[in-house]
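The values are calculated or read from the model by the stated rules, or taken from the named source; none is laboratory data. Treat the numbers as computed from the prediction; the structure is a model and nothing was measured. Cβ placement follows ideal geometry from the backbone for every residue including glycine, while neighbour counts extend to all protein chains displayed. Side chains included, ligands, DNA and RNA excluded: accessible areas come from the protein's heavy atoms. Shrake-Rupley method; radii C 1.70, N 1.55, O 1.52, S 1.80 Å.
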Amino acid sequence: MTVPDHDAPICSAKGCRAAAVWVLAWNNPKIHTPERRKTWLACEEHREHLSKFLGVRGFLKDVVALADWESPEG
(Lines give C-alpha, C1' and ligand atoms only; values in the text may rest on other atoms or scores of the structure.)
Protein backbone atom coordinates (compact mmCIF):
# COMPACT_ATOMS: atom_id res chain seq x y z
CA MET A 1 0.00 0.00 0.00
CA THR A 2 1.30 3.41 -0.98
CA VAL A 3 0.56 6.07 1.61
CA PRO A 4 -0.32 9.42 0.01
CA ASP A 5 1.13 12.75 1.03
CA HIS A 6 -1.18 15.14 2.89
CA ASP A 7 -2.88 16.61 -0.21
CA ALA A 8 -2.75 13.61 -2.55
CA PRO A 9 -5.99 11.91 -3.64
CA ILE A 10 -6.84 8.74 -1.70
CA CYS A 11 -8.74 5.59 -2.53
CA SER A 12 -12.54 5.70 -2.22
CA ALA A 13 -12.79 2.19 -0.73
CA LYS A 14 -14.22 2.24 2.78
CA GLY A 15 -11.45 2.62 5.34
CA CYS A 16 -8.64 2.74 2.78
CA ARG A 17 -6.09 5.55 3.09
CA ALA A 18 -3.84 4.44 0.22
CA ALA A 19 -2.84 6.73 -2.61
CA ALA A 20 -5.26 6.66 -5.53
CA VAL A 21 -3.86 5.62 -8.89
CA TRP A 22 -7.10 4.94 -10.82
CA VAL A 23 -10.24 6.93 -11.63
CA LEU A 24 -13.46 4.95 -12.01
CA ALA A 25 -15.94 7.05 -13.99
CA TRP A 26 -19.55 6.04 -13.51
CA ASN A 27 -23.13 7.18 -13.73
CA ASN A 28 -26.48 5.93 -12.48
CA PRO A 29 -28.77 6.13 -15.52
CA LYS A 30 -31.85 6.33 -13.28
CA ILE A 31 -30.75 9.68 -11.82
CA HIS A 32 -27.97 11.08 -14.05
CA THR A 33 -28.03 12.36 -17.61
CA PRO A 34 -26.06 10.08 -20.01
CA GLU A 35 -23.08 12.45 -20.29
CA ARG A 36 -22.71 12.97 -16.52
CA ARG A 37 -19.75 11.22 -14.89
CA LYS A 38 -19.29 10.72 -11.19
CA THR A 39 -15.89 9.46 -10.06
CA TRP A 40 -14.45 7.17 -7.48
CA LEU A 41 -10.72 6.90 -6.91
CA ALA A 42 -8.99 3.56 -6.38
CA CYS A 43 -5.63 2.25 -5.27
CA GLU A 44 -4.19 -0.83 -7.01
CA GLU A 45 -5.59 -3.12 -4.32
CA HIS A 46 -9.19 -1.90 -4.62
CA ARG A 47 -9.51 -1.17 -8.35
CA GLU A 48 -10.99 -4.54 -9.25
CA HIS A 49 -13.38 -4.65 -6.28
CA LEU A 50 -14.75 -1.15 -6.89
CA SER A 51 -14.98 -1.77 -10.64
CA LYS A 52 -16.99 -4.96 -10.07
CA PHE A 53 -19.28 -3.18 -7.59
CA LEU A 54 -20.12 -0.50 -10.16
CA GLY A 55 -20.09 -2.93 -13.09
CA VAL A 56 -22.72 -5.36 -11.78
CA ARG A 57 -25.08 -2.39 -11.37
CA GLY A 58 -24.40 -1.18 -14.91
CA PHE A 59 -22.89 2.07 -13.62
CA LEU A 60 -19.23 1.73 -14.64
CA LYS A 61 -18.35 3.74 -17.75
CA ASP A 62 -14.54 3.93 -17.75
CA VAL A 63 -11.40 3.15 -15.74
CA VAL A 64 -8.50 5.53 -16.35
CA ALA A 65 -5.11 5.99 -14.71
CA LEU A 66 -5.27 9.01 -12.40
CA ALA A 67 -2.25 10.51 -14.17
CA ASP A 68 -4.18 10.43 -17.47
CA TRP A 69 -7.57 11.59 -16.16
CA GLU A 70 -9.05 14.84 -17.38
CA SER A 71 -12.31 15.91 -15.81
CA PRO A 72 -15.08 16.55 -18.37
CA GLU A 73 -15.62 19.95 -16.73
CA GLY A 74 -12.02 20.98 -17.17
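A few points about this structure:
- Answer residue from the range 46-68, given it is surrounded by 13 or more Cβ atoms within 10 Å (Cβ to Cβ) and touching a residue at least 40 places away in the same chain (Cβ under 8 Å) and is nearest to residue 27 (Cα to Cα) among those: 63
- The residues of the range 21-32 that are in a loop (DSSP other than H, G, I, E, B) and either in contact with a Ser or Thr (Cβ under 6 Å, 6 or more places away or on another chain) or open to solvent by 70 Å² or more (accessible area, probe 1.4 Å) (or both), listed by number, are 29, 30, 31.
- Filtering the range 33-45 to residues that are surrounded by 13 or more Cβ atoms within 10 Å (Cβ to Cβ) and either under 18 Å from residue 69 (Cα atoms) or of a type in the set (Lys, Arg) (or both) leaves 36, 37, 38, 39, 40, 41, 42, 43, 44.
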